[in-house]
Amino acid sequence: MILTCPACSTRYLVDPATLGRDGRMVRCAKCGHSWMQRPPVDMPKPVDLAPPPEEIEVKPIPAGSNLPAIRKPVPQKPRSKTPLIVSAAAAVVLLLAGGLFMRQEIAEVWPPSALLFETIGLPVEALGAGLQLQNVRSEKRVEDGITILVIEGQIANISDRERPVPPLRAVTLGPDKTPVGDWSFTASHETLLPGEIATFQSEMREPPGVIAEIAITFQQGAGG
């Protein structure tokens, strides 16, 4: 699977097995940023269906006999492999055609496919491509004795086409750059036309630890 550093966007190819079942902390070799990385969701596996029961032929009871009818299997004719080959070839053609025009959507649903597309010369854009975070600020407030961390900012579409706006994730970092807390949220718009701007505002009540920095990145899935 491909990992992307939330801080500097450097990409790494990692064996999902090294992340374990519940994920683990990983550190960027380029900028030193650390974050919790979860393993990918397992893809559904095909189920082999049992073959249909063999057909049988009933032989009549001979005249004057009280024996039961004799059943013997009917030999099945070998099936031609030509229709299967044609169907498989058609499926491959459809898959390749779909990959040309929908590889971005496929990669968002199944992230490991991004590496496959890049291998065959069809690169996939990074999550949040064409979007720019700007005017981001944060502050701590105390309301009724409760400390509240508030973050707000804007997302601008700086590309020349309509872009989807992924959910956002805020990670609070301690003095040693170690994550001490995180939460997800969404912006004011799900899509942006060229030049349009979406806004966001979110808060965390009673943030844990000593916060020295806040990193905001785009993420897959739905925000909270």
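The values are calculated or read from the model by the stated rules, or taken from the named source; none is laboratory data. Quick caveat, the model's predicted, so the values are computed rather than measured. No Cβ is skipped: glycine too gets one built from the backbone with ideal geometry, and neighbour counts run over all protein chains shown. Heads up: the accessible areas ignore ligands, DNA and RNA and are worked out on the full protein's heavy atoms, side chains in. Shrake-Rupley method; radii C 1.70, N 1.55, O 1.52, S 1.80 Å.
When Ile197, Ile155 are screened for being open to solvent by 70 Å² or more (accessible area, probe 1.4 Å), touching a strand residue (DSSP E or B) at 6+ places or on another chain (Cβ under 6 Å) and modelled with pLDDT of 95 or more, only Ile197 passes.
Hey, which of the strands (runs of 3 or more DSSP E) in segment 124-224, taking only ones fully inside, have at least 3 residues that are touching a residue at least 12 places away in the same chain (Cβ under 8 Å) and under 19 Å from Met25 (Cα atoms)? Show your work before the answer.
Details: elements: 131-143, 146-157, 168-173, 179-185, 197-205, 213-218.
Per the criteria, 168-173, 179-185, 213-218.
Of the residues Pro62, Pro46, the single one that is open to solvent by 90 Å² or more (accessible area, probe 1.4 Å), of a type outside the set (Lys, Arg), more than 24 Å from Asp182 (Cα to Cα) and modelled with pLDDT under 55 is Pro46. Step by step: first the residues of segment 2-39, then only those that are assigned to a loop (DSSP other than H, G, I, E, B) and of a type in the set (Lys, Arg), then the one that is most open to solvent (accessible area, probe 1.4 Å). Which residue is that? Across segment 2-39, the extreme among qualifying residues is Arg21.
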